[in-house]
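The values are calculated or read from the model by the stated rules, or taken from the named source; none is laboratory data. Everything numeric in this text was worked out from a predicted model, so none of it was measured. For neighbour counting, all protein chains shown are included, and Cβ atoms are generated from backbone atoms with ideal geometry for every residue, glycine included.
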Amino acid sequence: MNAFDTAPLFRSAIGFDRLARLMDTARAAAEGPAYPPYNIEKTGDDSYVLTMAVAGFGPDDLDITSQDNVLLVSGKAKAEDDQGRRYLHRGIAGRAFERRFVLADHIQVEGADLANGLLHVALKREVPEALKPRRIPIAASRPVQPVLEGEKQAA
């Protein structure tokens, strides 16, 4: 396990404790299980689609929750009746899973769709108007007249 000490970064920074939490979550996600496989696709300037291969799961078996910039996708395995079945190879995983994705600020879940064993979750960045960059106009004031040396002595 590679643990990084981020304390020196925060000695002169205020309010970046969330960054340390994000780094820990990202590290844990990288070390986590690889089931089920997924793709993250950028479909526009501010839109994304998360696609997960969830063969064998139906809409009632899946749960999608978004809270505190974390998207949680979980699936509950069905209790299959395996009596009388003899598998020579069992490659289709039907086990329960839980996948966490850290969302950037202002990413909202627009919806989800399950088709052909693929779960598609649509995501969009919606920055509030108050947080968008805005141009600040500069008011022109009267120019200040420079005072010349000769005028200083006369005054």
> Across segment 124-138, what is the total count of residues that are within 20 Å of Leu103 (Cβ to Cβ) and at pLDDT 80 or above?
Replying inline: 3
> Which residue, of Gly150, Gly117, is modelled with pLDDT of 80 or more and either in contact with a Gly (Cβ under 9 Å, 6 or more places away or on another chain) or not assigned by TED's automatic domain parsing to the domain that holds Ala55 (or both)?
Replying inline: Gly117
>> For the structure I just gave you, tell me whether Gly91 is surrounded by fewer than 10 Cβ atoms within 10 Å (Cβ to Cβ), on the phi > 0 side of the Ramachandran plot and modelled with pLDDT under 85.
In response: no
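Quick grid of which residues meet (1) closer than 26 Å to Ala26 by Cα; (2) surrounded by 10 or more Cβ atoms within 10 Å (Cβ to Cβ); (3) touching a His at 6+ places or on another chain (Cβ under 8 Å); (4) of a type in the set (Ser, Thr, Tyr):
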site: Gly111; (1), (2), (3), (4): yes, yes, no, no
site: Leu123; (1), (2), (3), (4): yes, yes, no, no
site: Ala130; (1), (2), (3), (4): no, no, no, no
site: Pro133; (1), (2), (3), (4): no, no, no, no
site: Ser141; (1), (2), (3), (4): no, no, no, yes
>> Looking only at segment 58-75, how many residues end up being in contact (Cβ under 8 Å) with a residue 24 or more places away in the chain and surrounded by 12 or more Cβ atoms within 10 Å (Cβ to Cβ)?
In response: 10
> Considering Arg100, Arg135, Arg95, Arg142, which residue is in contact with a helix residue (DSSP H, G or I) (Cβ under 8 Å, 6 or more places away or on another chain) and either assigned by TED's automatic domain parsing to the domain that holds Ile64 or assigned to a loop (DSSP other than H, G, I, E, B) (or both)?
Replying inline: Arg100
